[in-house]
Amino acid sequence: MKNDDEIIDSILIGGIIGATLGTLISQNKTTGSIVGALAGAALLATYKANEGAMLTHLPFYIEENGFLYEVNANGEKKIIKKIEKSTKHLPLKFKLK
């Protein structure tokens, strides 16, 4: 349970830091703080989850420069396969309903 509490604490801290930074750099302070809080929480939670995954000593997979790699606990990377780039073009703006 301690691990879950640490993750929740990290998410809260990331949200507070992100909200502060979002407010500082955004013209719309309300939107900036909300987006910053979400981004900060997501980044810190991702970082903490990655740290936890590394402690399992199991390999994990990442994509880098068009290749899929298996990364071992010691940091050694092994190419699994080349990944073709997507030909789909996504719009730059989305309208939420």
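Every number here is computed from the coordinates shown, using simple stated rules; none is lab data. Quick caveat: nothing in here was measured; it's all calculated off a predicted structure. For neighbour counting, all protein chains shown are included, and Cβ atoms are generated from backbone atoms with ideal geometry for every residue, glycine included.
Working note: Karplus 6.51/-1.76/1.60 with θ = phi - 60° gives segment 42-53 the couplings 5, 5, 5, 5, 5, 4, 5, 5, 5, 4, x, 5 Hz, where Gly and Pro are set to x. With labels modelled as points extended 7 Å from the Cα through the Cβ direction, what inter-label distance (nm, one decimal) is found for Thr56 paired with Glu70? A separation of 1.5 nm, rounded to one decimal place.
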